[in-house]
Amino acid sequence: MLTWLRNVYAAVVTVAQGLAITIRYWFSTYNKDRKAFTEHFEYPELPVAVSPRYRGFHRFDLTTCIACDQCAKACPVDCIYIGKERVEGAKGFAVTGFTIDYTKCMFCALCVEPCPVDCIFMGGTLDLSSYSRDGAIVDFSRLPVEIAWGRSSLNPTAVAESKVIVEPVHSGPNQ
């Protein structure tokens, strides 16, 4: 019986010590000027600052892409789909679709290195929230060039508006 009481006492003391540490840290981090995340960063009106090497949603320059499929071949999860057609009377291909499925993408940046013309790289955008999985599938050829290239932010509204565009915004250098 005495051993059982010692064990109960040790368990209560151990739990009390853990709670004391938790309460001490809670009081040290709590202050009266505490703000919510959205108040502190004014998100989504002002973007959250990210580190320089942050791997966010891709930035893609459709004007320099030669549709070589190197990025799609390097992708370990096969989330990049490139549509192309041969340009008659000229060398190369015209890009008719460049789609990335962000429900599959793991943001590994393995698609960036093999690109011979450096038309795809990781951007600083960190939010592409949507109510359906279709909102996470981005066709960069149907986005306006200033958004696809990253001069404006890649946002859910622009992606939703690009879904109704049938033809690519920019089909290639020869057109």
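Label-to-label distance, Tyr54 versus Val13, with points set 7 angstrom from Cα along the beta-carbon direction: 4.8 nm.
At 7 Å along the Cα-to-beta-carbon direction for both Thr22 and Thr103, put a label point, then send me their distance in nm to one decimal. In this crude spin-label approximation the distance works out to 3.7 nm.
Scalar couplings 3J(HN,Hα) for the stretch 63-74, obtained by applying the Karplus form with A = 6.51, B = -1.76, C = 1.60 to θ = phi - 60°, are 6, 10, 5, 10, 6, 7, 6, 5, 5, 5, 6, 7 Hz; x denotes Gly and Pro. Per-residue Cβ neighbour counts within 10 Å put Tyr81, Tyr30, Tyr102 in the sequence Tyr30, Tyr81, Tyr102, beginning with the fewest.
FRET efficiency for the Asp69 to Thr29 pair, using the beta carbon distance and R₀ = 45 Å, is estimated at 0.35.
Taking 7 Å steps out from each Cα toward its Cβ at Glu88 and Phe121 produces label points 3.8 nm apart.
Taking the average, over residues, of other Cβ atoms within 10 Å as the packing measure, peptides 3-13, 86-96, 154-164, 60-70 rank 60-70, 154-164, 86-96, 3-13 from highest down. Across the options Pro52, Val77, Thr64, the greatest Cα extent toward the positive end of the charge dipole of the stretch 45-88 (unit charges at beta carbon of Lys, Arg, Asp, Glu) belongs to Pro52.
Where Rh is the Kirkwood radius over the Cα pairs of the stretch 53-110, the temperature 25 °C and the viscosity 0.890 mPa s, what D in µm²/s does Stokes-Einstein return? Could the numbers behind the result be given before it?
Working: Rh = 12.5 Å.
After rounding, the answer is 196 µm²/s.
The ranking of Phe121, Phe140 from fewest to most other beta carbons within 10 Å of each one's beta carbon is Phe121, Phe140.
We did not get these values from a lab; they are worked out from the coordinates using the rules stated. Note that the structure is a prediction, hence the values are computed from the model and not measured. Positions of Cβ are generated from backbone atoms using ideal geometry, with glycine treated the same way; all protein chains shown enter the neighbour counts.
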